[in-house]
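Beneath this line is the structure, given in structure tokens, with notes to follow.
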């Protein structure tokens, strides 16, 4: 994850723009557009939404602070496969295509981060795709919450990791989480109700509170990939998108 000091330095060294404040609900790029730049999420959350052939919208990924929405398409020179929308007020840094490829060629550390991020994303997508046919909605939901809390704990550097009670800060509503899991909002809400009855989840003043996040199910393969994305202190690490 990028600390504030590191992200500021990254902006000066690697050609990222000054920080721009973006309001929630802003479209950063649209599905079908060709990328002209990539955007580093310094703070806030972004969701990628894809319009399927049957006319339904599907949540593709959630982008936490430290991630680069649209990175894969920019690198491959392909049109965007999703529309990126801010879920909250965000602070972003942009890097245009020309500068991005120049940095790739001249900054080995940045280039390595990009390569490692692509590899992790490839495996996470494959794992989640395989799970959709054999793992229950309940377990997949727990894994999605675990990933969100894990990204959050990394961002705010919680002293005790995720042990003990944790509030979910990601501004993701039931509708978009259900879309990511490929189920109806009603089915997802019933799953949340089960988790509440079992004491895994509670709701207070509109917040989701997880009493012990370590109880949430997650595949060991996912945990391994998440842990491999924790860079050494003092060096920037691009944060991966969250898939379900």
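Put in order of Cβ neighbour count within 10 Å, fewest first, the listed residues 243, 122, 63 become 122, 243, 63. Here the stretch 1-153 is treated as a sphere whose radius is the Kirkwood value from Cα pairs; by Stokes-Einstein at 20 °C and 1.002 mPa s it diffuses with a coefficient of 130 µm²/s. Specify the angular offset, from 0 to 90 degrees and rounded to the nearest 10, of the alpha carbon long axis of helix 97-106 from the longest principal axis of the alpha carbons in the chain. So the helix axis and the longest Cα principal axis differ by about 80 degrees.
Sorted ascending by nearby beta carbons within 10 Å, beginning with the fewest, 115, 188, 100 become 115, 188, 100.
Helix-only arithmetic for the chain: the sum of -39500 (n - 2.57) across DSSP H runs with n ≥ 4, divided by the residue total, places the mean residue ellipticity at 222 nm at -13000 deg cm²/dmol. Among 219, 172, 72, the residue with the largest mean-square fluctuation in a Gaussian network model of the chain, with springs joining Cα atoms closer than 10 Å, is 219.
Axis of helix 4-13 versus longest Cα principal axis of the chain: the two differ by about 30°, to the nearest ten degrees.
Can you sort 93, 116 from fewest to most other Cβ atoms within 10 Å of each residue's own Cβ?
Details: 93 22, 116 16.
The fewest-first ordering by Cβ neighbours comes to 116, 93.
Note on the chain: with a GNM built from Cα contacts shorter than 10 Å, the maximum mean-square fluctuation among 44, 15, 59 falls on 15. Treating each Cα of the stretch 135-226 as an identical point scatterer and ignoring solvent, apply the Debye formula and state log10 I(q)/I(0) at q = 0.12, 0.22 Å⁻¹. The calculated log intensity ratios at q = 0.12, 0.22 Å⁻¹ are -0.34, -1.24. For the stretch 6-96, place one equal point scatterer on every Cα, skip the solvent, and apply the Debye formula. What is log10 of I(q)/I(0) at q = 0.17 Å⁻¹? Cα-only, vacuum Debye calculation for the stretch 6-96: -0.68.
Between the Cα long axis of helix 185-197 and the first principal axis of the chain there is an angle of about 60°, rounded to the nearest 10.
Every number in this text was worked out from the coordinates using simple rules, so none of it is lab data. Computed from a prediction, not measured in an experiment: that's the story for all the values here. Neighbour counts are summed over all protein chains in view; Cβ atoms, including those assigned to glycine, are modelled from backbone coordinates with ideal geometry.
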